[in-house]
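Derivation of every value follows stated rules applied to the coordinates shown; laboratory data play no part. Computed from a prediction, not measured in an experiment: that's the story for all the values here. As a convention, Cβ positions derive from the backbone with ideal geometry for all residues, glycine included, and neighbour counts pool all protein chains shown.
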Amino acid sequence: MGKWLAAATAAVIALLALLWLQIREPAVEAHVAPRLVAVANVSPEQNRIAELRKIGEQVATAEKKAGKLDPKSDAFFYKFDEQVPPALTAEAAKCYTGGLRRVHRNAKVKLGYKITIKDGVLGITDVKVLESTVNDKALEECFAREVGKVTWKDDELPDWAQDDELVIRPERGMKKFTADNLAYEGEGPIKKLESAGDVASSRELPRDPVAVAAE
């Protein structure tokens, strides 16, 4: 009995010693690198803008492959921005020919309109008088009506739409497009003489004073 008691006491002492050693050892902590998760704080509007930008880039690429002009290029500027105002003014000039009375030299009409290009076809819509000092409603309406008729086709023009304005000055910038001005030629072009002989034969030579006295 004493042996069993001694053995049990020794086992308890050994167990306590093992527990004491484990308590004294520093705890090994697992150092796990924190996982960084990027949370994109993007609003629905920003997503929509990004989608529209992507669609615009795709359309521009497709138009470039189809031989269309880039709306931001100089070629588009010369084929579109520089061509539209004189074309609209020339069409409106039909209203200021003939029986319509003349207006003051500083009078003007400002028209607003929407210009669209679809499949190479340019058109003008929603024409309205924004401002006028001509004091002639019939003339203003005629300007708006004729401007709205302008259209032409150019396969190099990309699909495009924008609001724009046109200032018409009947007695200034528009006057050169009127029918009377276009028909006027004055005395006509000076014909080019073919040779020096033609110049001599085209005018009377001075007569010899002695020969004149002999007559």
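Out of region 93-179, which chymotrypsin sites (Phe, Trp or Tyr not before Pro) are coil in DSSP terms and have no more than 10 other C-beta atoms within 10 Å?
none
Can you give the FRET efficiency for residue 83 and residue 171, using 1/(1 + (r/R0)^6), R0 = 25 Å, r = Cβ-Cβ distance, to the nearest 0.05?
Once the sixth-power term is evaluated, E becomes 0.60.
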